[in-house]
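Inspection log for the structure reproduced underneath, given as structure tokens.
The values are calculated or read from the model by the stated rules, or taken from the named source; none is laboratory data. Values in this document were obtained by computation on a predicted structure and should not be read as measured data. Cβ placement follows ideal geometry from the backbone for every residue including glycine, while neighbour counts extend to all protein chains displayed.
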Amino acid sequence: MHELLLFAPVPAKQHHDLLQQLSGLTAMQPTRTCERRLVFKAYRKPGFIKTRPGGSQDVQAPETQRLNKLLNGGLYYIQVVGNVQERDFGSVPASSSSSSSSSSSALRSDVVSQGSGAGGDGAQQGQGSLSSSTPMNNGAAAAATAVSKGYVAADQPWRLEFKDTPEAGARSGVTSRFVGSANLPSGNILPEMNAWGFDYVSEYVVEGHTFVLDDTVLFLHRVLTFPPSDDGGGLKTPAPTEYLPPLDKMVPLDTSGAYVLQASITVQDSGNPDLLKANSQRLLGLKEHLKSVVKLEPEDRLSLDTRVK
């Protein structure tokens, strides 16, 4: 697949107005989009992953073949992407749910044992305690329900995204690059990535709004980084977080609060030059249409270089 792109910087003060203008252009409401993006770096030479030779019984599924081709293509930085919801930020980790339930159970059994161990008066006292604890039980149940809807890292679905360095010499005034993607298992993907020869480097969050105009995807977004950890100065092995801080605690990469408008068209048939040219012209037409609002331009290819140096 090939991806054709144009980019435009959007100052924070223009963000709301541009959302309204893009809604009018596309005749749709903006779709809220939040993504976790894990960055991995290749540390093994291409060709490390060997497929088994053999007859038709060893033929791999198309998804597996595509994934192997991407991972054996060269030494690149790649990203593992997971879609998240805005409500996932700041939600209590699943482990807290277990401790909360255990504490509630222990407290209830404590009340029961105190009531039953004091004779007749104690029984009445126990009944009173149990009765008065009903609101607490309801509150604990409500809290457990709320927590169960929180973010669970083990259930996070992932996809691998490979983006090649853009082609030298802009194709008709747009950024053009080869891209590919493949689904990955949910939860902890470090073992799989390490087995494929990739080390975890860092992660960040992309949040914004998405619009669709025919075959063009308009993504008005900004990059957020995680706040500094309070775990002390001890050395820790880098790993993806299992807890998403509240969204307002995330740190914008651009301290001015600016956004980026990305206009992209994905062309499935990379070998069709006429199709690539036609879609490039479509992007340039959009650029002309929005020139009074934002300045869409191709990006410097070296700033999008994904090769490991």
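For residues that are part of a loop (DSSP other than H, G, I, E, B) and in contact (Cβ under 8 Å) with a residue 24 or more places away in the chain, scanning just region 263-289, find the one that is surrounded by the most Cβ atoms within 10 Å (Cβ to Cβ).
270
Out of the residues in region 164-184 meeting the condition of being among the small types (Gly, Ala, Ser) and in a strand (DSSP E or B), tell me which one is farthest from residue 276 (Cα to Cα).
Here the answer is 182.
Of the residues 296, 247, which is in the same structural domain as residue 21 (by TED's automatic domain parsing), surrounded by 17 or more Cβ atoms within 10 Å (Cβ to Cβ) and among the hydrophobic types (A, V, I, L, M, F, W, C)?
Among 296, 247, only 296 is in the same structural domain as residue 21 (by TED's automatic domain parsing), surrounded by 17 or more Cβ atoms within 10 Å (Cβ to Cβ) and among the hydrophobic types (A, V, I, L, M, F, W, C).
Table: residues versus (1) modelled with pLDDT of 90 or more; (2) over 29 Å from the mean Cα position of the chain (by Cα); (3) among the basic types (Lys, Arg); (4) in the same structural domain as residue 273 (by TED's automatic domain parsing).
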| site | (1), (2), (3), (4) |
| --- | --- |
| 119 | no, yes, no, no |
| 127 | no, yes, no, no |
| 130 | no, yes, no, no |
| 138 | no, yes, no, no |
| 144 | no, no, no, no |
| 162 | yes, no, no, yes |
| 192 | yes, no, no, yes |
| 212 | yes, no, no, yes |
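In region 1-38, which residue that is buried (at least 16 other Cβ atoms within 10 Å of the Cβ) and β-branched (Val, Ile, Thr) is nearest to residue 157 (Cα to Cα)?
Only one residue tops the list, namely 33.
Do we find that residue 229 is touching a Pro at 6+ places or on another chain (Cβ under 9 Å) and surrounded by fewer than 15 Cβ atoms within 10 Å (Cβ to Cβ) in this structure?
In short, no.
Scan region 27-46 for residues that are in contact with an Asp or Glu (Cβ under 9 Å, 6 or more places away or on another chain) and not small (Gly, Ala, Ser) and report the count.
11
Give me the residue from region 65-96 that is in contact with a helix residue (DSSP H, G or I) (Cβ under 8 Å, 6 or more places away or on another chain) and crowded, with 18+ Cβ neighbours inside 10 Å and, out of that set, modelled with the lowest pLDDT.
Within region 65-96, the match that is modelled with the lowest pLDDT is 91.
What's the number of the only condition in (1) touching a residue at least 40 places away in the same chain (Cβ under 8 Å); (2) within 14 Å of the chain's Cα centre (by Cα) that residue 155 fails to meet?
Here residue 155 clears every test but (1).
Could you grab the pairs with beta carbons closer than 7 Å, sequence gap of 6+ or different chains, first residue in region 6-34 and free of Cβ contacts under 8 Å to residues at least 60 places away in the same chain, second one assigned to a helix (DSSP H, G or I)?
Final answer for the pair search is 29/23.
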